[in-house]
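Input: a single structure, listed below in structure tokens.
The values are calculated or read from the model by the stated rules, or taken from the named source; none is laboratory data. From a predicted model like this one, the values you see are computed outputs, not experimental measurements. FYI the Cβ positions are ideal-geometry reconstructions off the backbone, even for glycines, and counts take in every protein chain you see. Surface areas here come from the heavy atoms of the whole protein model, side chains and all, with no ligands, DNA or RNA. Shrake-Rupley method; radii C 1.70, N 1.55, O 1.52, S 1.80 Å.
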Amino acid sequence: MVTEGQKVELVAAACAVRSNSYAPYSNYRVGAAILLPDGSVITGVNVENASYGLSNCAERTAVFKAVTDGYKEILAVAVCTDNGGSPCGACRQVLIEFAGDIPVLLSNAKGEVQETTLYSLLPAHFGPEHLD
Ligand code: THU
């Protein structure tokens, strides 16, 4: 169960870290934050590269940081962009690996938040359960 207070905290964390985004090529800065079962929050930003194709999205940065720290389950995710953009397909698939139908909070630079869920963003997904 994710509380309204945790959702507010998550969006604030995603928007706060967004200024660390390294996006000199697209100038599209993204901040992400994920909520873990112990209540802690791990953030990520998009990290672009001169070779373009090696750029990493903010959501995947956050997930890889969390897994590096020993976490295997994600309870909610917030993404903060200029215009309320939604996670790309690759990030949706990476989130599915560690999450169920979790809240996905999309915030724009004005602080307007749209809430959806991971399964509505990636219906009929392929996940670890299919390999059991
Ligand atoms: N980006 C993210 O960080 N997350 C997404 O889900 C969508 C796209 C980044 C990648 C690239 O650095 C920039 O936004 C423009 O595509």
**Item:** From phi via Karplus (6.51, -1.76, 1.60), per-residue ³J(HN,Hα) for segment 111-126 in Hz, x at Gly/Pro
**Value:** x, 7, 10, 10, 10, 9, 10, 5, 5, 6, 7, 9, x, 6, 6, 9
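Which number comes out as Rg/Rh for segment 4-125 once both Rg and the Kirkwood Rh are worked out on C-alpha atoms?
Ratio of gyration radius to Kirkwood radius: 0.94.
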**Asked** Spin-label point model (7 Å from Cα, Cβ direction): what's the Glu129 to Thr116 distance in nm?
**Response** 2.1 nm
**Asked** So for the pair Tyr25, Tyr52, with labels modelled 7 Å out along Cα→Cβ, what separation do we get in nm?
**Response** 0.7 nm
**Message:** Through the Karplus equation 6.51 cos²θ - 1.76 cosθ + 1.60, θ set to phi - 60°, convert the phi angles of segment 68-76 into ³J(HN,Hα) values in whole Hz; use x for Gly and Pro.
**Reply:** 4, 7, x, 8, 10, 9, 10, 9, 6
**In Hz, Karplus ³J(HN,Hα) per residue of segment 22-31 (6.51, -1.76, 1.60; θ = phi - 60°; x = Gly, Pro)** = 10, 9, x, 9, 8, 6, 9, 7, 10, x
**Message:** Ignoring ligands, DNA and RNA, please state the percent of accessible area on segment 42-132 from carbon and sulfur, probe 1.4 Å.
**Reply:** 55 percent
**Prompt:** What are the residues whose amide H is under 5 Å from the amide H of Asn56, where those residues sit 5 or more places off or on another chain and H is modelled from the backbone?
**Reply:** Val47, Glu48
**Mean ellipticity per residue at 222 nm, deg cm²/dmol - from DSSP H runs of n ≥ 4 across the chain, formula -39500 (n - 2.57)** = -8000 deg cm²/dmol
**Heavy atoms of Phe126 accessible to a 1.4 Å probe, total area in Å² rounded to 10** = 110 Å²
